[in-house]
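A quick write-up on the structure given underneath.
The values are calculated or read from the model by the stated rules, or taken from the named source; none is laboratory data. If you're wondering where the values come from, they're calculated on a predicted model, not measured in any experiment. A quick note on method: Cβ atoms are made from the backbone with ideal geometry, for glycine too, and the neighbour counts reach across all protein chains shown. Each accessible area value is taken on the protein alone, full model and side chains, heavy atoms only, with ligands, DNA and RNA left out. Shrake-Rupley method; radii C 1.70, N 1.55, O 1.52, S 1.80 Å.
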Amino acid sequence: MTAERGRFIVMEGLDGSGKTTQLVRLAKHLRERGRKVYLTAEPTVSTTGGMLRDALGGVTRKTPCELAAMFVLDRIFHNVNPVNGINKMLGSGYDVICDRYYYSSLAYQGSETDFEWVRAMNINCPEIRRPDLCIFLDLDPEICMKRIGSDRTTTEIYEKKETLERVRARYMDIFAQLDDNVIVIDTAPDIDSVAAEVCRAADEICRD
Ligand code: TYD
């Protein structure tokens, strides 16, 4: 008997919006419901993913076009990797929860270079799957910056208030123009009520 295909859920948000906490909470919730869950993230652990992390941390310098192309390459690998790629895991009956996906490329690289080019590379690529659900954790860039400041030891290249404001606006444009299933959740309330909303949104598409 073949397992029923899992659901593909993407978590997006500005740096410091609390994605990691909510990802873990959502995975726990779905597992408690008896579902199989696979947590993953972009950039991935591929060679390209490693190069991306170096560039994001400021260790190496890359142009916005180089970054955009590298993210696409990493994302294709993420989909098709035969060991534990997104397609493989969904096909084995796992719900895949992914920390960032093409929305990040459209929002971050799309703010710094030709947006239509970045959009086309991602959206028109036959080997980049469309998620079943995207959950955007919305938080005022000013609060994001405060959280980044207190939590992190390294500053990544996008972690500036003006950049985050531009990126947030871009996210909102993208959600309005793409025909994807997206829910925007305000993360200003406490962690538990945000988690409840995140789980409710996932339950809508993860029916047994
Ligand atoms: P991440 O590891 O999720 O860090 P954080 O916990 O701060 O959100 O993401 C690292 C950075 O990668 C983040 O600044 C956004 C950036 N990024 C892009 O610019 N484009 C992309 O396509 C992806 C997936 C991430």
Response to the item:
Subset of region 151-198, residues touching a helix residue (DSSP H, G or I) at 6+ places or on another chain (Cβ under 6 Å), open to solvent by less than 20 Å² (accessible area, probe 1.4 Å) and assigned to a helix (DSSP H, G or I), comes to 164, 167, 171, 174, 195, 198
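For (1) open to solvent by less than 40 Å² (accessible area, probe 1.4 Å); (2) more than 9 Å from the ligand (Cβ to nearest atom); (3) part of a loop (DSSP other than H, G, I, E, B); (4) not aromatic (Phe, Trp, Tyr), each residue gets a yes or a no:
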| residue | (1), (2), (3), (4) |
| --- | --- |
| 31 | no, yes, no, yes |
| 50 | yes, yes, no, yes |
| 67 | yes, no, no, yes |
| 71 | yes, no, no, no |
Worksheet item: When both residues are 6+ apart or on different chains and their Cβ atoms are under 7 Å apart, which pairs have a first residue that lies in region 90-110 and is in contact (Cβ under 8 Å) with a residue 12 or more places away in the chain, and a second that is among the aromatic types (Phe, Trp, Tyr) and near the ligand (Cβ under 6 Å from one of its atoms)?
Response: 105/71; 108/158; 109/71
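Answer yes or no: is there a residue in region 71-83 that is closer than 30 Å to residue 189 by Cα, of a type in the set (Phe, Trp, Tyr) and at pLDDT 95 or above.
From region 71-83, those closer than 30 Å to residue 189 by Cα are none; that's our starting set.
Within region 71-83, none of the residues are closer than 30 Å to residue 189 by Cα, of a type in the set (Phe, Trp, Tyr) and at pLDDT 95 or above.
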Item to complete: Might you let me know whether region 129-144 holds any residue that is in a helix (DSSP H, G or I) and either within 13 Å of the ligand (Cβ to nearest atom) or open to solvent by less than 30 Å² (accessible area, probe 1.4 Å) (or both)?
Response: yes
Worksheet item: Are there any pairs with C-beta distances below 8 angstrom linking a residue in region 50-67 that is hydroxyl-bearing (Ser, Thr, Tyr) to a residue that is part of a helix (DSSP H, G or I) and surrounded by 15 or more Cβ atoms within 10 Å (Cβ to Cβ), with the two at least 6 apart or on different chains, and if so which?
Response: 60/51
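If a residue has to be of a type outside the set (Val, Ile, Thr), in contact with a strand residue (DSSP E or B) (Cβ under 9 Å, 6 or more places away or on another chain) and within 13 Å of the ligand (Cβ to nearest atom) to count, how many in region 33-48 make the cut? Break it down into steps so the answer makes sense when it comes.
Kept after step one, since they are of a type outside the set (Val, Ile, Thr), are these residues of region 33-48: 33-36, 38-39, 41-43, 46.
Narrowing further to those that are in contact with a strand residue (DSSP E or B) (Cβ under 9 Å, 6 or more places away or on another chain): 35-36, 38-39, 41-42.
Still in the running and within 13 Å of the ligand (Cβ to nearest atom): 39, 41-42.
Final tally of qualifying residues: 3.
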Worksheet item: Within region 1-29, which residues are touching a helix residue (DSSP H, G or I) at 6+ places or on another chain (Cβ under 9 Å), small (Gly, Ala, Ser) and buried (at least 18 other Cβ atoms within 10 Å of the Cβ)?
Response: 6, 13, 16, 17, 18
Practice prompt. Identify the residue in region 95-121 that is assigned to a loop (DSSP other than H, G, I, E, B) and surrounded by fewer than 23 Cβ atoms within 10 Å (Cβ to Cβ) and, among all such residues, is nearest to the ligand (Cβ to nearest atom).
Written response: 100
